Amino acid sequence: MTSSTAQAEIAPPSAADNQRGVTRRILARAWSYTEMKLAAAVFLLLVALTLFGPLLIDASATKMSVADKFLPPLFMEGGRLPHFLGTDQLGRDLLLRSLVGLRNAFAIGVVSVIGMFILGCAIGIYAGYRGGWVDVILMRLTDVQMSIPVIILAITILGMSRPTAVSIIAVLILASWPVYARVSRGVTLAERQKEYVRAAKILGASDLRIMVRHIAPSILPPIAFVAVLDVARMMIFEAIFGFIGIGIQPPTPTFGTIISAGTQYLLNAWWITIVPGVLLALALGSLNLMGGVLERARNHILQGGE
Amino acid sequence: MAPQSMSKPGSPLMEVRDLSVAMRSESGVRPILNTIDLTVMPRSVLGIIGESGSGKTVLSRALVNWIKPPLAITSGSVRYGGRDLLALPEEEMAALRGREIAYIGANPTSALDPTVPVGHQILEKLRAVAPQLSRQDARKRIIDTLDAVRIPSPAKRFDEYPFQFSGGMMQRALIVDALVSNPKLLIADNITQPLDVTVAAQILRLLRDLQKDFDTAVVFISSALGIVSEIADDMIVLDRGHIVERQPVNALLEKPEHGYTRELIAKVPKIWTGAAEPPAPSAQNVVLDVRDVEKTYEVRDRNAIFAHRKVQAVRGVSFTVRRGENFGIIGESGCGKSTLSRLLSCLEAPNRGQILFEDRDIATLRGKDLLALRRRFQLLLQDPYNAIAAHSSIGRTIAEPLLIHGLVPRREIRKRVSAVMSEVGLSPSLYDQLPVGLSAGQRQRVNIARALVLEPELLILDETLSALDQVEQAKLLDLFETLQARRGITYVYISHDLAMVRRVCARIAVMYLGRVVELSDNETLFASSSHPYTRALLSAVPTVEEKPYKTETYLLEGEPPDPIDIPPGCSFRTRCPFAFDRCAREDPRLTLLSDGSLSACHLEGSGLPAVDIAGLQPVATVAQTRPVAP
Amino acid sequence: MAFAIEFFLRRISQGLVIVLLVAFVIFTLLRIVPGDPIRIILGPMTPASVLEQTAKDLGLRDPILVQFGRFVGQVATGDLGRSFIRGLQGGSAGGSQDAAGYNPESRASVAELIGTALPYSLQLAGLGILFALLVAVPIGMAAGLRAGKWPDRLGLYVSSLFVSLPNIWVAVVLIFLLSAKADLLPAIGYRGFSYTIIPAMVVAIELSPVMIRAISVSVAANLGEIYYDVGMVRGLSRWTMIFKHVLRNAAVPLLNLFGAQMIGMLLGGLFVVEYIFSYPGVGMLTINAVFQRDFPIIQAVAILASGALVAINMLVDFTSTTIDRRLKF
Ligand SMILES: Nc1ncnc2c1ncn2[C@@H]1O[C@H](COP(=O)(O)OP(=O)(O)O)[C@@H](O)[C@H]1O
Ligand code: SF4
Ligand SMILES: [Mg+2]
């Protein structure tokens, strides 16, 4: 017999070997973009600011002070410390209010995206794997869900009770899980045809085991990359809710309420609206840029690139 | 090195001098082709042979100046019509491609836009290269050429989409596409590789005829010596980017000069001459008893409202396998082999019939019993890349069945897995590594180890070795043999590779359109088959030895009928060279013949040409296999 | 032909079920979340007995299934009912004048309210999509055709920038810059076509990044297909391959994106934008109706929206199967 002697030399990675460490390769590819590094730096800076800003700046996000109202940002004439970005109509520090708003929005975005990711993907994998009528029913359910505009759902549910972070997150999850269900179902349909799933079945693995241990680990990472984009989208929804008056209630600052209040003073104190918006856009921009780069890296790798 | 033979007079059509191609990557420059010199004469066929990875495809692309990053041409010239193609501006090169120089690749099914009918795409190309032709004339010319390559009902096929064409049909359509503009040179890169041997043989013959009719020179590239030698006038042997030998085809087969060529010739499997004694049938008890199983799928019918059509994938298959035996199932793609393997491995249930494993109907097993069955009864799949997941370590992958079945206490798993790994020839040091970078052969070993760790009694191998090269295949066959000796495993090989089945199987079933048409022991089947279909399969095997079944006598026309519309009577009659009137009326049953074989043919073995395998030559020269070109 | 008939029969019947389900979900949701419309209809000073009587008269105290059955029967005859709040003149009538009781005849018909608002919304949606296409098609195509080169990066930057701008903020900034400061365009309310332009820009900024991404990804993916490369070796020019084949193939995923995602986004975007700009479309009608618990309007809009979505998805899928015959539905 020739093969009992172990020959363990590892062949050089071949082009055909497109399965290897997909996740790692996507990350490596994404990191090779300058944009990725830049966006990550901006994002981390903002996160640090939201965490430590309130400790460093000698002002309050909620305390009103008539004497300090309508102060412009430092770079404009009339601005003064500690109000780097000026104050609002009630004399509250805009930078601090923005940072607190950002922190809340970010928390809501991350938690809701995790929730919709788990819920949607669980349903999608199940539907795609089971197929048949289970699939038809679950997919029609996503159709139903997707044809109810988020805003209607949000106002109906949040509009009548006092909205809290928890109910906002619940509404966002309820409104957005179908996207994840559809995507993960689509990939599962293709994945379930693959030989490794057949192999697992032949070995005797149960359906649950196949879904959890085999399909999920190979399809979820690429979907998770794109979920970064959704964190930004959810933060925008949070702002819209605040703007319409169904977000987290005052005095806790949110971007929506800051902007909506600022519109009344647009002509004289434009910064109340514009400045927090720029900060939010910066945060969202860094997230979206990272998400965009990850998405491209994923497409590149999945299409067989190096 | 022998000088390029001048089998045809006249000046060369294409001359390649000192051509080198390299791959540039971050880790440096790797040469792919080194100082290639070759000459293509008008109206001749130049064969290029080499193993996979030797640079054949890169060479074929370099001939049409179609090299893309990270590859780059580093030196040399490709002279055609007095010009160097490599120095030509892109527009002038584009004006040659598809007009004077045509190219066909190995990937027929993805070569055309999937959303546009095949005929329309050929029309688009013909009108691009010959704008003076009117639409009607162009259309007529294409339909005529489709007819000439023996595509049935070409006018209807003209409007059908690529996915409605089988691989063989598509390759014919692409030959039409290439030849319809009357090119001077056709470059064919491995065009028979994805096709069944029967279809490949048809395509070869077709190309040979057309090459004469159209006066085209052909550069024919392939990794199968048996195929190139059927068509080429001169041959070039490529080894790791170097040309190691060039000779006219007969001389190359008879007096190979370079060691590598000799090795290549020796590797072509022998079926009749000098084959080792096939294993004997087993006399032990029956482990697997397949009784008249049937499987039908329903597909939606686009041409009727709420209607379905039935695809009869497996139509009443019966056979038995005895303990310790090697049983083979062969047939063209689409004949129902994979469906049968899914039925056998209990992934799907048959619509009718039974599969008994040690006298228990596996379709009735549930829960614990099914799990117990799975343990003793394993299936190895074809694709070594997709059968193991990329995200778990090798050891974890092999341990998975132990965890599923809870056979071994957790702390002993590593020991068990390591033992199996060394048994199949994987170093246990790979235990914690990811499958990243494992070769196809090593992956297939992981696969095998994963099945073996359960200590199964029956292993079904569905094209398990097809993706591997000859050397690796031989090693794994040895391994299977050893395991059989050690553990008494029973194997069912499902394959389209006749040479492999010849080597390892004691009894063989031949499938056609979802049925077993012949079932005999190895020697009877290969030496004196009693079914016309089996003989046709055997006549098409690409070997270099002389064959007892002459291609001229048995070559099949067309392809198997659609399993949706199976013709009444004998289902093989649409392609059978021996069909007679009874065949259209009556469906032949599988009958026991005097030589002990089972055959489903009204001729019952009589009336087929006599065969004599005693006097066959181990290396057939061209004169023996085809008429010499004038 | 047979395929088309079967397709539409199948999808229309499935679609009716979906619309019915959506109606039911919204219907139930409205009735189980807190907030009693009667109080808003009759005003805060109304005695409890009158409230209760009106609620009974309106059928709001019946079991939900009974109410729903009645509603479906009504809709089936083409009657979408009358608003709880809005008077015949369209203004909202809630409050004291009805304290003595509620007379449905004095309320506007929902069908008419929607009929008046819909053209405005369609105009805004149309212009928004047009603006978005004007931005997204050139950028997306260029990015897809030259993947990895500067147009690709441009596509990445533009789309990342645009998705990062919350529509409420963009709206306010545009009003401030174009309307208040520069006085180029009018912004709030509607007194002519020019009032649509700024809102349409906001809609376009929301839609275009998704389009840019989708166009560039699907064009680039098709350039990577074997048929594209082979086409050029077969003797077809690069531009023939792009215009006759790549675009055709890229259209399928784009159509699907349009059906599945864009319509939902467009709808959501319209609602918010109309609200910000006090633009008299269906969105503003609906948002006000939700705040006022004006059930009939909300239900009707939900039915129409899901019906439109179902119809668009059906057409999208049908077009996809005619382009790519391999697809099955
Ligand atoms: N799930 C399925 N649905 C419809 N047709 C199928 C299905 N599986 C196999 N077939 C058809 O059944 C026939 C036999 O297929 P298969 O068993 O894969 O053959 P082989 O393995 O010999 O190539 C083919 O015509 C194939 O298209
Ligand atoms: S029965 Fe007739 S058609 Fe069928 S294989 Fe025999 S001779 Fe050929
Ligand atoms: Mg098969």
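Summary table below
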item	result
Restricting the range C:96-199 to chymotrypsin sites (Phe, Trp or Tyr not before Pro) in coil, as DSSP defines it, with at most 14 other Cβ within 10 Å	none
Residue order for B:66, C:150 - accessible surface, 1.4 angstrom probe, largest first	C:150, B:66
Kirkwood hydrodynamic radius over Cα pairs of the range B:402-448, then Stokes diffusion coefficient at 20 °C and 1.002 mPa s, in µm²/s	188 µm²/s
Relative contact order %, chain C, counting alpha carbon pairs below 8 Å whose residues are six or more apart	24 percent
Per residue, in Å², the accessible surface of the range C:199-329 once ligands and nucleic acids are set aside, probe 1.4 Å	30 Å²
Accessible surface of the range A:38-302, 1.4 Å probe, proportion on carbon and sulfur as whole %	69 percent
Fully extended contour minus Cα-Cα distance, from residue B:291 to residue B:595, at 0.36 nm per residue	107.1 nm
Per-residue average of Cβ from other chains inside 10 Å of B:108-114	6
The range B:388-501: relative contact order in percent, alpha carbon pairs under 8 Å with at least 6 residues between	28 percent
Interatomic Cα distance distribution for the protein assembly as shown, bins of 20 angstrom, percent	9, 32, 33, 19, 7, 0
Rounded percent of accessible protein surface that carbon and sulfur make up, chain C, 1.4 Å probe	68 percent
Residue A:117 - accessible surface, heavy atoms, 1.4 Å probe, Å² rounded to 10	40 Å²
Per-residue mean of C-beta atoms belonging to partner chains within 10 Å, peptide B:379-386	5
Cα-based equivalent ellipsoid, chain B: semi-axes from gyration tensor eigenvalues, Å	42, 31, 25
With every protein chain in place, the range B:14-267: carbon and sulfur % of accessible area (1.4 Å)	49 percent
Alpha carbon centroid spacing (whole Å) that separates the range C:1-50 from the range C:238-287	25 Å
Candidate lysines - alpha carbon under 22 Å from residue C:149, same-chain residues fewer than 8 apart omitted	A:37, B:68
Accessible area of residue C:243 in the full protein assembly, 1.4 Å probe (Å², nearest 10)	120 Å²
Two-decimal ratio, the range B:479-595, of alpha-carbon radius of gyration to 2.2 N^0.38 Å	1.19
Theoretical FRET efficiency, 1/(1+(r/R0)^6), r = Cβ-Cβ of residue B:617 and residue B:255, R0 22 Å, to 0.05	0.90
Surface per residue (accessible, 1.4 Å probe) for chain B, Å²	39 Å²
Separation of alpha-carbon centers, the range A:124-198 and the range C:123-194, rounded to whole Å	29 Å
Protein accessible surface hidden between B and C, which excludes ligands and nucleic acids, total in Å², probe 1.4 Å	2800 Å²
Relative frequency of Cα-Cα separations exceeding 17 Å in the range B:447-509, percent	36 percent
DSSP bridge orientation in the protein assembly as shown - percent antiparallel, rounded to nearest 5	60 percent
Set of the range B:301-335 residues, backbone N closer than 16 Å to the point 7 Å along the Cα-Cβ line of residue B:352	B:310-319
For the range C:152-282, convex hull volume per residue from C-alpha positions, Å³	131 Å³
Descending semi-axes in whole angstrom, ellipsoid equivalent of the range A:99-144, from the Cα gyration tensor	32, 10, 4
Rough spin-label spacing in nm, given labels placed 7 Å along Cα→Cβ, for residue B:137 and residue B:410	8.0 nm
Reciprocal of mean inverse Cα separation for the range C:1-89 (Kirkwood radius, Å)	15.7 Å
Solvent-accessible surface (1.4 angstrom probe) belonging to residue C:72, in square angstrom, nearest 10	50 Å²
Electrostatic dipole magnitude of the range B:427-548 [Cβ: Lys, Arg +1; Asp, Glu -1; Cα centre; debye, to 20]	100 debye
Peptide A:230-242 - average C-beta neighbours from other chains (10 Å radius)	3
Efficiency of FRET from Cβ geometry, residue B:364 and residue B:581, R₀ 51 Å, rounded to 0.05	0.70
Under 30 Å from the Cα of residue C:181 - lysines, other chains or at least 8 residues apart	A:69
Loop trypsin sites (Lys or Arg not before Pro), the range C:27-67, which have at most 15 other Cβ atoms in a 10 Å radius of their Cβ (DSSP)	C:61
10 °C / 1.306 mPa s Stokes-Einstein diffusion coefficient of the range B:14-267, Kirkwood radius on C-alpha pairs, µm²/s	84 µm²/s
Cα convex hull of the range A:38-302 - mean projected area over all directions, nm²	16.7 nm²
Filter on A:201/B:295; B:56/B:547; B:125/B:184 - keep pairs with C-alpha separation over 26 Å	B:56/B:547
Taking N as its residue count, the alpha carbon Rg of the range B:333-481 over 2.2 N^0.38 Å	1.08
Selection of trypsin sites (Lys or Arg not before Pro), the range C:244-329, meeting DSSP coil and at most 16 other Cβ within 10 Å	C:326, C:328
Minimum 10 Å² accessible area buried by the other protein chains, the range C:301-329 residues, probe 1.4 Å, relative to alone	C:305, C:306, C:309, C:323, C:324, C:325, C:326, C:329
Contact order normalised by residue count of the range B:14-267, Cα under 8 Å, 6+ apart, percent	28 percent
Size of the C/A contact, given as accessible area buried on both chains, probe 1.4 Å, in Å²	4200 Å²
Compactness of chain C - radius of gyration and Dmax, Cα, Å	24.2, 85
Estimated buried accessible area (total), pair B and A, 1.4 Å, Å² to nearest 100	3300 Å²
Span from the the range B:168-236 Cα centroid across to the the range B:24-56 one, whole angstrom	18 Å
Hz values of 3J(HN,Hα) by residue in the range C:152-166 - Karplus curve (6.51, -1.76, 1.60), Gly and Pro given as x	5, 5, 4, x, 4, 5, 4, 5, 5, 5, 5, 5, 8, 9, x
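The values are calculated or read from the model by the stated rules, or taken from the named source; none is laboratory data. Computed from a predicted structure; not experimentally measured. Positions of Cβ are generated from backbone atoms using ideal geometry, with glycine treated the same way; all protein chains shown enter the neighbour counts. To get the accessible areas, we keep the full protein, side chains included, count just its heavy atoms, and leave off ligands, DNA and RNA. Shrake-Rupley method; radii C 1.70, N 1.55, O 1.52, S 1.80 Å.
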